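Here is the structure we will look at, set down as structure tokens.
Bear in mind these aren't lab numbers, they're just calculated from the coordinates by the rules spelled out. Computed from a predicted model, the values in this text were never measured in an experiment. Counting neighbours? That spans all protein chains shown, and the Cβs are built from the backbone with ideal geometry, glycine included.
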Amino acid sequence: MTRQGLPRRPGGPPWPPVDGADAGTAEVAHATTRADGPTGAGTAGGAAAPGGVRQGLPRVARSTTAGATAEPGAGLAQTAPAAVVGTPLRRGLPRTAGGVPWPPAGVVPPGRESSVPVTPDDRPAEPPPTVEPAPSSPVPEPVAPPVAAAPRRRRLPAWAGRTGIAAAVAAVVLGLLVLAARWWVGTDAGQGFLATYPGTAPMPDDAPVGIPAWLAWQHFFNVFLLVLAVRTGWQVRLQRRPAASWAPRADPGARIGLMAWAHQALDVLWVVNGAVYIVLLFVTGQWVRVVPTSWTVVPEALSAGLQYLSLQWPTEDGWVHYNGLQQLAYFVTVFVAAPLAILSGVRMSVYWRSRPAADRLVPIGLARRVHFPVMLYFVAFVVLHVGLVLATGARRNLDHMFGARDDGSWVGLALFLVSVVVIAGAAAAMRPVVVAPVARRFGTVSGR
């Protein structure tokens, strides 16, 4: 006896029924009734569903080919689709007691039709491949060869043009002065003036002779620091935005550019070196070589200048004394230009705290108008000084200035060449990547 379960529809009898009918037949008939729609019209064998039975999906596939044979023992005619050929599906246990294995032979469960293989004979014939004609090759149009773009001319900056014009004007003026000096020296008045004032600077009788070693070393340190100060000062003037900034730890708000700090640090060292030079100059009595002691130095300097311009060099004996023009030039450089550079630089530096009274005493605008021309003066002085040293007996002059000796040796020249290499290397190293580690020891360095 078959065990009954819950009814298949609300209010219906338990399933399967107990009227002795074949359970497999009733189940297939119920499935067929659900597949035929709500009207109850059957399609397989013309069986009609009981009235009021809820219809669902078919339990078996509906045949689309008339005259298909039914599987014996299935309880209801089952037809297989015409496309079902090839390997049969795997069959399992029967769905009812005493029934046939499920699914019956030739029956395809819903949703499995696409997995059934199809024989090659049932496949639709593939259309023959279409052969497209090869496209005709178009006749290439003549292409003009590319025209090379004209190279762009790099324009020089405005300051370079102004510098070139100024240099040309200076060369013309210098040439005219040379012609005028040579003409005047050749006259009787010129010859008499040179005989009266040969160009030698007046010196006291007890003036020291020779250049001590400390003066030679001071000369090197002065040139070294002066070149680096000019180099960093020019960098500060040209830069639009500092690559890094420096601020004292005690006052983080007083921030300046990194190269401005390097310029001021070099200025401090230059001032210290100058102070040592001034002290030793007066202690050893060497001051009489650079400080005029008589007004006759003026015509003597004029005479020396005329001789330089006429290309008839005055007699040089720097080991004993300078000529009048040298003495005046050194005096102006040490006691006039240097103090102006120091005072104006301090006013523009971070060390000058803003005070109303002090600002009125030395306005910042006045300091800027003085500092830059003084820098140009130092550059012109170094260029003329080195040029005259090399043109009026290089080996002997360099022996005096760097070797502190007057024996005609090559020591001074060798020391001069070494100093040039050291100064050039230090000037090339004046970059933020080199200056920053040193600046961090004295303050705080930060980027942009």
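Brief remarks follow.
- Length available on full extension from VAL291 to ARG95: 0.36 nm per residue minus the Cα-Cα distance, which gives 57.3 nm.
- Each of VAL178 and SER409 was given a label point 7 Å from its Cα along the Cα-to-Cβ line. The distance between the two points is 3.7 nm.
- The length gained on full extension between TRP313 and ALA250, counted as 0.36 nm times the residue separation minus their Cα-Cα distance, comes to 17.0 nm.
- Net charge of Cβ neighbours under 13 Å - reference SER354; Lys, Arg +1; Asp, Glu -1: +2
- Computed from the alpha carbon atoms alone, the convex hull of the stretch 233-367 holds 188 Å³ per residue.
- Positive contributions from Lys and Arg (+1) and negative ones from Asp and Glu (-1), summed over other residues with Cβ under 14 Å from the Cβ of ARG368, come out at +2.
- Site pair VAL420 and ALA168 shows an inter-label distance of 3.0 nm when each label is modelled 7 Å from Cα along Cα→Cβ.
- Summed side-chain charge close to ASN323 - residues other than ASN323 whose Cβ falls under 14 Å, Lys, Arg +1, Asp, Glu -1: -2
- Rg/Rh ratio calculated on Cα atoms of the stretch 270-312 (Kirkwood radius): 1.19
- FRET efficiency, 1/(1 + (r/R0)^6) with R0 56 Å, evaluated for ARG441 and VAL298 via beta carbons: 0.70
- Taking 0.36 nm per residue of separation and subtracting the Cα-Cα distance, full extension of the segment from ARG240 to THR392 would add 50.5 nm.
- For peptides 298-309, 185-196, sequence by mean Cβ density within 10 Å, most packed first: 298-309, 185-196
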